[in-house]
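First the structure, in the form of structure tokens, and then the observations on it.
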Amino acid sequence: MGLSYTAISYLAQISVPLEEAGSAAVVGHFLSIVGGMLGLVLYQACLKSRLIINMDPIFKSNIFLSSFDVRTMDIAALEMSGGSLENYVPQMMHQIGEKLVESLHTTFILSVPFLGFALLMTVLYKHHRNPSS
């Protein structure tokens, strides 16, 4: 998405009369910031729900891990990097890693329709020509 910012900014500027190009660029930038924030919130909500569904049974089945409540835990608190994953029960390390990857995979697949919609809107965006040019 970062690479598309220049094209979206250009489309916003050429789709309006020349004297309004600056305003169109500012509005386009503002909307991209708002859209980025909303996208991040939706992504985190989707990832958190997938982590709860995938990790809750694993955490409840182990005595040590059952002290953690996945539903109220911050996503960053899972600390699933390679080194800290070993601090959890070593026998379950592979299973926890698989469930984490499954959660990320599902979340990325769910983002494809949103990206397709954004691409479609960009392609169908109507270009208005300035009559004075």
Next on the checklist: Report every pair of residues separated by at least 6 positions or lying on different chains whose Cβ atoms are under 7 Å apart, first residue within the range 5-25 and touching a residue at least 40 places away in the same chain (Cβ under 8 Å) and hydrophobic (A, V, I, L, M, F, W, C), second assigned to a helix (DSSP H, G or I) and open to solvent by 40 Å² or more (accessible area, probe 1.4 Å).
Outcome noted: I8/S32; I8/T122; L11/T122
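Of the residues N62, N54, which single one is closer than 24 Å to P113 by Cα and either surrounded by 12 or more Cβ atoms within 10 Å (Cβ to Cβ) or not charged (D, E, K, R) (or both)?
Values: N62 fails: closer than 24 Å to P113 by Cα.
Only one candidate qualifies: N54.
Looking at the range 67-81, can you tell me whether even one residue there is modelled with pLDDT of 80 or more and either surrounded by 11 or more Cβ atoms within 10 Å (Cβ to Cβ) or among the aliphatic types (A, V, I, L, M) (or both)?
So the first thing to find is which residues in the range 67-81 are modelled with pLDDT of 80 or more, and the list is none.
No - not one qualifying residue is present in the range 67-81.
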Item to check | Verdict on L104 being open to solvent by less than 80 Å² (accessible area, probe 1.4 Å) and at pLDDT 70 or above | outcome: yes
Item to check | Close pairs from the range 78-107: first in a loop (DSSP other than H, G, I, E, B), partner modelled with pLDDT of 80 or more, Cβ under 6 Å, at least 6 apart | outcome: M80/L100
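The values are calculated or read from the model by the stated rules, or taken from the named source; none is laboratory data. Computed from a predicted structure; not experimentally measured. Quick reminder, even Gly has a Cβ in these numbers, built from the backbone with ideal geometry, and neighbours come from all protein chains shown. To get the accessible areas, we keep the full protein, side chains included, count just its heavy atoms, and leave off ligands, DNA and RNA. Shrake-Rupley method; radii C 1.70, N 1.55, O 1.52, S 1.80 Å.
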